[in-house]
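All of the numbers you see were taken from the coordinates with simple rules; none came from a lab. Quick caveat: nothing in here was measured; it's all calculated off a predicted structure. In this analysis, Cβ positions are derived from the backbone assuming ideal geometry, glycine residues included, and neighbour counts consider all displayed protein chains.
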Amino acid sequence: MERIKQAIEKAKKQASSGFIAKPQASSAVAQPLAELGALNYVQTKVISLRAELLERNRIVAYNKNSNMSWSFDLLRTQVLKIMEENGWRTLAITSPTPEAGKTVVAINLAMSIAHHTTKTALLVDFDLRRPKVGAYLGLPMEQSLNDLLSGEAELQDVLVNPSLPRFVVLPTRKSVSHSTEVLSSVAVGNLITDLRERYDSRIVIFDLPPLLSCDDAIAVLPKIDCVLLVVANGMNSKKEIEDCLHHLPAANLIGTVLNKIEIEPRTYSY
Ligand SMILES: Nc1ncnc2c1ncn2[C@@H]1O[C@H](COP(=O)(O)OP(=O)(O)O)[C@@H](O)[C@H]1O
Ligand SMILES: [Mg+2]
């Protein structure tokens, strides 16, 4: 009980201190997106992003000067601090139920890491029942995690760089049957280890299914260093949050993001 109270209190505090995610699709300036610099993606396919599609899907952190992305920058700072202190490099994003905003938070957080740190942010779509990362970003996905899982592609064929330095995505094109078994498999365990170990300066973010809808998240969480819980304001009950914490005793819960709350965008001021 104490743990639940603390988590709810923490979520409230984070909301009042701005540790929240409230991206609004704004009609703001469409900036040129292709500024590939520091890294040379020899094998990774580079895909251009469309500002209008991103904004429609509430992806605001692609533009590092956007006054909408500050909440993700705050989130990034807090998440990375805890991860660095503990030597964690893989982060799961989940929620009690669908539609809480996991995918929106996962993409924005990964972009914020890529923009503002020297780390590479690799975002993996592990919501094998309702994969959305590729669609939200407008990726073509000729090859994806589906092909990697079926043995028809190699890892280097399925990673894409959506024209933001240090941002790499492993998308999933279509839903996968027997997803719980797949996520519990040795092959997926090896993939996670491979993604984690290959580069020291890489943070790997896994967009997971909701905790309370199926066993997929529970199956894969033991293989991921830590977890962030996205809770939708007004959508998730106290009971659902309690049930999630009950499912997470062994996981390293980094914090809770209270999503979908009404706040004004920050404007530039002295
Ligand atoms: N902060 C927010 N405010 C309003 N709508 C949001 C917010 N975050 C996400 N959404 C919307 O909620 C819906 C579900 O978001 P999504 O990230 O796909 O959820 P999940 O991955 O948890 O199922 C989408 O239509 C998305 O645009
Ligand atoms: Mg999703």
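Restricting attention to segment 126-167, report how many residues are within 16 Å of ligand 2 (Cβ to nearest atom), of a type in the set (A, V, I, L, M) and over 20 Å from HIS178 (Cβ atoms).
5
Which of the numbered conditions does LEU122 fail, given that it passes all the others? Conditions: (1) more than 16 Å from ligand 2 (Cβ to nearest atom); (2) within 30 Å of LYS238 (Cα to Cα); (3) buried (at least 18 other Cβ atoms within 10 Å of the Cβ).
LEU122 satisfies every listed condition except (2).
For segment 60-152, which helices (runs of 4 or more DSSP H) that fit wholly inside it have 2 or more residues that are within 11 Å of ligand 1 (Cβ to nearest atom)?
70-86, 102-116, 133-137
Name the residues in segment 215-252 that are within 16 Å of ALA92 (Cα to Cα), of a type in the set (A, V, I, L, M, F, W, C) and surrounded by fewer than 18 Cβ atoms within 10 Å (Cβ to Cβ), would you? Working first, answer last.
Here is the first cut: in segment 215-252, the ones within 16 Å of ALA92 (Cα to Cα) are 215-231, 244-245, 247-252.
Cutting the leftovers down to of a type in the set (A, V, I, L, M, F, W, C) gives us 217-221, 224, 226-231, 244-245, 248, 250-251.
Selection gives ALA250 alone.
Filter the helices (runs of 4 or more DSSP H) completely within segment 178-270 down to those with at least 2 residues that are of a type in the set (Ser, Thr, Tyr) and more than 20 Å from ALA121 (Cα to Cα).
On the way: elements: 179-184, 186-197, 216-220, 238-247.
The helices (runs of 4 or more DSSP H) meeting that bar are 179-184.
In this structure, is ALA100 small (Gly, Ala, Ser), within 16 Å of ligand 2 (Cβ to nearest atom) and in contact with a helix residue (DSSP H, G or I) (Cβ under 8 Å, 6 or more places away or on another chain)?
Here the answer is no, as ALA100 does not meet what is asked.
Just for segment 117-154: of the residues that are within 18 Å of TYR199 (Cα to Cα) and in contact (Cβ under 8 Å) with a residue 24 or more places away in the chain, which one is farthest from the chain's Cα centre (by Cα)?
In this case the residue turns out to be THR118.
Taking segment 88-116 on its own, how many of its residues are free of Cβ contacts under 8 Å to residues at least 60 places away in the same chain and surrounded by fewer than 23 Cβ atoms within 10 Å (Cβ to Cβ)?
2
Of all the residues that make up segment 193-243, how many are farther than 20 Å from VAL104 by Cβ, among the β-branched types (Val, Ile, Thr) and away from ligand 2 (no atom under 16 Å from the Cβ)?
So the count comes out to 2.
Could you give me the residue pairs with C-beta distances under 7 Å whose first residue belongs to segment 161-176 and is closer than 19 Å to GLY151 by Cα, whose second residue is assigned to a strand (DSSP E or B) wherever it lies, and which are 6+ apart or on separate chains?
Going by the 7 Å Cβ cut-off, the qualifying pairs are VAL169/LEU123; VAL169/VAL160; LEU170/LEU122; LEU170/VAL124; LEU170/ASP125; PRO171/ASP125; PRO171/VAL160; THR172/ASP125.
Identify the single condition in (1) closer than 17 Å to ASP125 by Cβ; (2) touching a helix residue (DSSP H, G or I) at 6+ places or on another chain (Cβ under 6 Å) that VAL169 does not satisfy, given that it satisfies every other one.
Among (1) closer than 17 Å to ASP125 by Cβ; (2) touching a helix residue (DSSP H, G or I) at 6+ places or on another chain (Cβ under 6 Å), VAL169 violates only (2).
Please go through segment 192-212 and give me each residue that is more than 26 Å from CYS244 (Cα to Cα) and not basic (Lys, Arg), ordered by number.
ASP194, LEU195, GLU197, TYR199, ASP200, SER201
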